[in-house]
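All remarks here apply to the structure that follows.
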Amino acid sequence: MEELIERAARDLVNSKYAIALTGAGMSTESGIPDFRGPSGIWTKDPEAERRAYQTYHKFLANPREYWEERLGSPSLLGDLEKVKPNPGHYALAELEKTGILKWVITQNIDNLHQRAESKNVLDYHGNAFKLRCADCNARFDSEEYDLQRLREEGKLPPRCKQCGGVIKADVVHFREPIPGDVTHQSLEEAWKCDLMVICGTSAVVYPFADLPRVARQRKTETERKTETGIYAVEKIPAVTIIELNAEPTPLTEEGISDYLIQGKTGEILPRIVEAVKRIRE
Ligand code: APR
C-alpha cells in the first residue's frame, strides 16, 4: 500500500492536468450508504432500485404527482443536511489548493465536495440542494422556492422563474439524459487531463463510466530509438488512470486503469496528500 501511495503522489506531482472522478464510496465514511457495495441501498433493497427507474417517467407523465411524492417521502440517502465531509473530501480540496487538481467530477448529489471547499466541482448526477428547469435547464438553489407552501396552496409543480417551464429536482434520475452543459464539460475535462484519479465508484453506471474510457483513448506521440538506431514515432497512452476503491471494478479488470489502490478513500487520500507535500518540499 505504501508503495502505491508514493507512486500516486509522484504521478500527481508530475501531472500537468489532473482531475478526479468520484462516486458514492467517497461519502460512506460520512455516513451516507452507497448503492452497490455490500451494504448498499440497491444491494439491500432491489425493489427500491426498480422504483427509482420509474421516477423520471413519472415526472414527464405527471410533474405535480412527482412533487407530491418527492415532498412526501424521505430521501433514500438520509438527511443530507446533517452529514459532514470526511478526510477524503478535504484531501481533494487540498489537492485543488496546491494547483495540482483542476476539477472534481462527481456522481454524488450530496454537495460534500463543495462543503469541503472544493471550488471546481461538476455535479454529473445533479445536486440535492438545487432545482433545475426541465425546459431551459436554469438551476436554482432549493431555498429560492418554498415548496411546502406551493404544495399547501395546490400550486405544484413549481415554475421556472426565467422561462415559466416546469421545475424538477436537479438530481438526474435513471433514464434521464445528463444535462448538456455537464456532459460537454465532463467530456472536455476527460479528454484534456493527463491524470485521472477515480475514487469510490463501482464504475458500472453510464454515461459516467465512459469518462475513463474516453481518457484512455487519448494517445500521445513519443520518439523511440529502434535496434537499427533510427528513431521511430510511437503512440503511447497520454493519461495515467488511478483507481481508489474498496474493491476492483470493470475498469480494473479491463485494464482501463493503470493501477488500483484498494482501501478506504477517507484513509488513502489524506496519505497521498501528505506524500505530495513531502515530494514538493
Ligand atoms: N472507500 C473506497 N471505496 C468505497 C468506500 C470507501 N469508503 N465505500 C464504498 N466503496 C466502494 C464500494 O465497494 C463500491 O465499489 O465504492 C463503490 C460505490 O459504488 P456504487 O454504490 O455503485 O456507487 P456509484 O458508483 O457512485 O453509483 C453510481 O448509481 O445508483 C446510481 O445515481 C446513483 O450516482 C449513483 C450511480
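Below is a table of values for the structure above.
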quantity: Within the accessible area of segment 178-271 (1.4 Å probe), percent carbon and sulfur; calculated: 53
quantity: Amide H contacts under 5 Å for Leu244, placed H, 5+ residues apart; calculated: Ile198, Cys199, Gly200, Ile261
quantity: Cβ-Cβ FRET estimate between Gln162 and Gln217, R0 fixed at 45 Å, reported to 0.05; calculated: 0.75
quantity: Separation of the Gln262 and Cys136 label points, Cα + 7 Å toward Cβ, nm; calculated: 5.2
quantity: With Cα atoms, 0 to 90° folded angle of helix 265-280 axis to the chain main axis; calculated: 40
quantity: Estimated inter-spin distance, Lys192 and Glu47, nm [label 7 Å along Cα→Cβ]; calculated: 4.7
quantity: Within segment 164-193: backbone nitrogen closer than 14 Å to the Leu71 label point (7 Å, Cα to C-beta); calculated: 167-169
quantity: Full-stretch length increase - Lys155, Tyr17 - with 0.36 nm per residue and alpha-carbon distance subtracted; calculated: 45.0 nm
quantity: Solitary cysteines of the chain, where the nearest other Cys Cβ is not under 4.7 Å; calculated: Cys193, Cys199
quantity: Cleavage-rule hits, chymotrypsin sites (Phe, Trp or Tyr not before Pro), segment 51-95, DSSP coil, Cβ neighbours within 10 Å at most 16; calculated: Tyr53
quantity: With Cα atoms, 0 to 90° folded angle of helix 2-14 axis to the chain main axis; calculated: 90
quantity: Amide N of segment 241-281 lying under 18 Å from the label point, which is placed 7 angstrom from the Cα of Thr98 along Cα→Cβ; calculated: 241-244, 261, 265-281
quantity: Solvent exposure of the chain as accessible area per residue, Å², 1.4 Å probe; calculated: 50
quantity: Helical contribution to [θ] at 222 nm, DSSP H n ≥ 4, -39,500 (n - 2.57), averaged over the chain, rounded to 500; calculated: -10000 deg cm²/dmol
quantity: Among beta bridges that DSSP assigns inside the chain, antiparallel share in %, nearest 5; calculated: 40
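The values are calculated or read from the model by the stated rules, or taken from the named source; none is laboratory data. Everything quoted here is computed from the prediction, not taken from an experiment. Quick reminder, even Gly has a Cβ in these numbers, built from the backbone with ideal geometry, and neighbours come from all protein chains shown. Surface areas here come from the heavy atoms of the whole protein model, side chains and all, with no ligands, DNA or RNA. Shrake-Rupley method; radii C 1.70, N 1.55, O 1.52, S 1.80 Å.
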